[in-house]
Each structure stands twice: as structure tokens, then as C-alpha cells.
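Engineer: The structure follows.
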Amino acid sequence: MRGESLKSKIRTITDHAVTVLAVLATVLVVTPLVVIFGYLVFKGASSLNLAFFTEIPKPEGEIGGGMANSIVGSGVLLGLSSLIGVPLGIGGGIFLAEFGRGTALANAIRFTADVLNGVPSIVMGLAAYALIVSPHVSFLPFLGHFSAFSGGVALGIMMIPTVCRTTEEMLLMVPHAVREAALGLGVPNWRSVLSITLKTASPGIITGCMLAFARVAGETAPLLFTALGNSFMSTSLNQPIEALPLQIYVYALSPYDDQHRLAWAGALVLILLIVVAVSLVRYVTSRGVLKGAS
Amino acid sequence: MGVGIEVNNLNAWYGTNHTLQDITLNIPANHATALIGPSGCGKSTFVRCLNRMHETNPIARVTGSVRVGDLDIYNDAKPVQVRRRIGMVFQRPNPFPTMSIYDNVASGLKLNGYSNRRVLDDIVEKSLKNSALWDEVKDDLKKKSGASLSGGQQQRLCIARALAVDPEVLLMDEPASALDPVSTSKIEDLIFQLKSQYTIVIVTHNMQQAARVAEKTGFFLNGRMVEFDSTHKIFTNPSDKRTEDYITGRFG
């Protein structure tokens, strides 16, 4: 009897201890995030005004101006990179999980994707530079000079491995019973993959895409010698283009206080842009989800 | 209307494992036929051979012939065509989790390219009525996911989904083994009603269930069919000693 109650006491204490440890760990993880975001709001919010969103940068030394060109530029670059990275990544993931399972090709693709995921972003920029910016082929557009196109391609390629591997993993998590149900109805395999398996796995796949998007949204290095930067408003894929991380990088290193201010504001806007984009996608894709759907 | 099934010399393998050996039997049209036997005896493999689901496993192999009505399913048809004529209900309810109740029932038609709304509405209603689920779900057809229903309702939803493509044969692989007694008896009532319109083959662990719903019963053991006869005969006066041992609970 005594032994029993001692045992149960120890169990209770262990339970409490583990709970406390878990809470502590959570606090440790969340604190830096909150501090960073708080500091960003503190430093950046005061410089946010209408001009920040509507004006392009003033010449060196002049007060004021905004980052309209960077915001638009980041939008263009991320739009292009998503157009490249999401379809290719999802397509690759579908192949890995559904059609190529166990084949040498699939193993090679999986290995390449994992390696690609670990390649430093500046190397990705160099690759885009070597493939798109440096070769001169006069009759082809986009080649031979710095351009939004080359920057978007560099970012897009960076998105592929993350999207591809999450897609694969999410598809493999779809229960076998669900695939069997579709096959049992006489649905051809390709149709079952696209309409059933992919749809069932879509919440996880969308999360993967958002992670990849958020990651490249803050990338500076791959843009340094591809998109290059542009002090004027541009939306052309064939011209150099400004991006928020590039502009932040330049302003943070500048000697002018006013540009430091703008850099802080830019960093805040960059984070808010990511938050808005992610929430928007979540909202749009969660419409039409039914009661009790898992 | 249902059609009969003629199975001749059916053999099936998983890898090197010879799971079905020389099965020959005739399953009558518009009756329920039960397959009983201990776990691993090959009865599930057998029904999966009847709609070519067996071969969805890459290491699986089949020889022999199966005629469903006048169709030789291994020589005259592609797997998808076979499966459209032969519906299947699985052991665990497996509604499509992202689809509404309505879409689950309509899925077999929609995924095969059928889209006439009015006809779909009719078929969904008729199928849900046939599976005795209509009254419980008619107000939430498009609002609720198939996965939000209870286990027993989900299984009846899966039956409705199978019926919606108007199959000639309905294969049921232990359709009630994951369900509570009330849901089980609902499924059994359903089988009773459905067998006038469809040929039903039901795999079951539960011998009382076989006795209640089926006219014919086959006893499987170690990949072979030991005995196939009228349910009454199997349960009261089996010709084979092994059948008798099994139904009296001496093994399995």
C-alpha cells in the first residue's frame, strides 16, 4: 500500500516536472520571436507613412521617400518564383510519391532535392547569374543582363526542393484506404491521384508552399547579381528590379539615419507582407472546407 | 440487376506467397454469398480478385479465369472497367474526407466524367435511400463532410457510393467488423434488401452474420476453398470435417 502511494506520488511529480519543462521550452522558443517582432515594430512603425508605400527612394542625403518600387519588385519576384517553384515542386512531389516510388529516377530526384535544399542561397544566385545573366544570345529575351526574370528564377529554384519534399510526404500520409476507395470505384489511377489523393493532402502541401514562399521572400543573396536592384519603379521582367531585402541591405549599410529608419520600416513591411500573403492563402483555401472534414 | 460469377481455377500470389490455390466456384446472381474462414485463409484476397483490386499491389499476381455475367474480367476488360461494374465496400469505412456527403456518393460518377446535375441529384438520393442513410443526412448533404458521420453511417455512405455507379455485383470485405452491434444489424438489414437487385459477396468473420444474410456460404482454409454449399447445409450438416470443426469453434 505504502509503496503504491509513493509510486503514484513520484508519478505525479514527474508529470508536473515534464509539464513545467514543456512550458519552459515553449517560452524559450516563443520569446525571441516576440522580441524580434516587437523590436521591429518599435523601430519601424514610426517611419511607416503613406509616402513609404507610394514614393520611390529620394536621392542620397535627402529626407523622405519610400519603398514603393521595392514592394512592387518583391511582389513581381515572388509571383514569378511561385509560378516556377510551386508547379514544378508539386509535380515532382507527385511523381516521387505516386508514380516513381522505388525507381532509380525517383531516388535520384529525392537526393537532388535534398542537396538543393542545402545549397547556400548565394550559390543559387551565382547559378542564375551564370545561366541567365552572363550568356549573350541576342535573339532571346531575358538573357545577357540583370533582370527581374533571373532573380525570379533563382528564387523559384530555391522553392522547388521544399515544395517537392513536403508534397511527397503529405501524399504518402494519405491513408491507403482512401486510394483504394477511389480505385474500387473504377477511377483511373491518374484521376484518383489528382482528384482524391492530392486534394486530401492539400492542407499540408499548401503549408509547404507557404514555408518555401516565406523563406525566399527574405532572401537577399540570390538577388544581388540577378535582380540587382533598381531605384525606380519597374515591373518589367526584362529590367533590373528592386526587392525589399535588397533595399533593406543597402539602406542598413548606408551612413544616413533617415535610410536606417527606412530600412527598419522595410523590414517590418517585409514581415507583414509575408504574414498577409500566408493568411490570404490560408483564408482562400479554407473556404469551402466542410464541417467535420479532416 | 445482378449477374452470376463463374470462377475457374483461380490462383493468386503475393510475391512468392501462394495465397489462393485452385479456387473454382459459381456465385449465383441476385443472392448473397458469404465467405467464411480463419484470418489469413485467403477470403479477402479472393474477393479482391473478383474486381481486380488484388493487382493494385505491385507484387501481386493472378492466374485463372473469372466471368462476371458474360464478361471475362481478366481477358476482355481493363481493370477500371471491371471495377465500375463491380462495387466494393471495404473493412473500414473509407469516405473521401475532403468531400461532402453528396460528393462522396456522386464521386464514382463525377470522377468518371459524368456531370448532369439533375441526374446526379436523383442518383444520390436514390443511392442514399437504398443504403438507408437518406433520412439521417438529407439536410446536410452538401454541408457536412463524409468524415463527420459516425462509423456506421460512414459505412452506409460507402455502400451508397458503391451503389451510385449502378454495379451488377457488390463485394463486401468484412463490412461490419469495425462497427458496433446496432450499426452491424443495420448493415445486415441492408444486405437483405439489396440482394434482390445485386449479386452480393460478403466476407465475414462472424458466422452468425453469414447464417443471417447469405443463401450460399463458402468455407476457406489456407488458401483453398474447402466447401461451398447452401448456408443451411454448411451450418447444420457440413460434408467436410474441417468445416465442421471450424463452425463448431474448434479452431480459428
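The values are calculated or read from the model by the stated rules, or taken from the named source; none is laboratory data. Just so it is clear, the model here is predicted, and its values are computed rather than measured. Cβ sites come from the backbone with ideal geometry, for glycine too, and all protein chains shown count toward neighbours.
Engineer: Identify, please: which residue in the range B:152-196 is more than 23 Å from B:L141 (Cβ to Cβ) and polar (S, T, N, Q) and is, among those, nearest to the other protein chains (Cβ to nearest Cβ)?
Structural biologist: Result: B:S177.
Engineer: Something else now. Kindly indicate which of A:L211, A:L143, A:L194, A:L228 is within 11 Å of chain B (Cβ to nearest Cβ), of a type in the set (A, V, I, L, M, F, W, C) and either farther than 30 Å from B:A162 by Cβ or surrounded by fewer than 17 Cβ atoms within 10 Å (Cβ to Cβ) (or both).
Structural biologist: Just a single option satisfies the conditions, and that option is A:L194.
Engineer: Give me the pairs: first residue in the range A:219-231 and in the same structural domain as A:V133 (by TED's automatic domain parsing), second residue among the aromatic types (F, W, Y) and part of a loop (DSSP other than H, G, I, E, B), beta-carbon distance under 6 Å, and six or more apart or on different chains, which are they?
Structural biologist: A:L228/A:F146
Engineer: May I ask you to say which residue of A:G204, A:G156, A:G152, A:G186 is away from chain B (no Cβ under 14 Å), over 16 Å from A:Q239 (Cα atoms) and either part of a loop (DSSP other than H, G, I, E, B) or modelled with pLDDT of 90 or more (or both)?
Structural biologist: Only one candidate qualifies: A:G156.
Engineer: Residues in the range B:170-192: is at least one touching a residue at least 40 places away in the same chain (Cβ under 8 Å), of a type in the set (K, R) and more than 17 Å from B:V7 (Cα to Cα)?
Structural biologist: The answer is yes; a qualifying residue exists.
Engineer: Restricting attention to the range B:70-101, and to residues there that are small (G, A, S) and more than 17 Å from B:E174 (Cβ to Cβ), which single residue is farthest from the other protein chains (Cβ to nearest Cβ)?
Structural biologist: My answer is B:A77.
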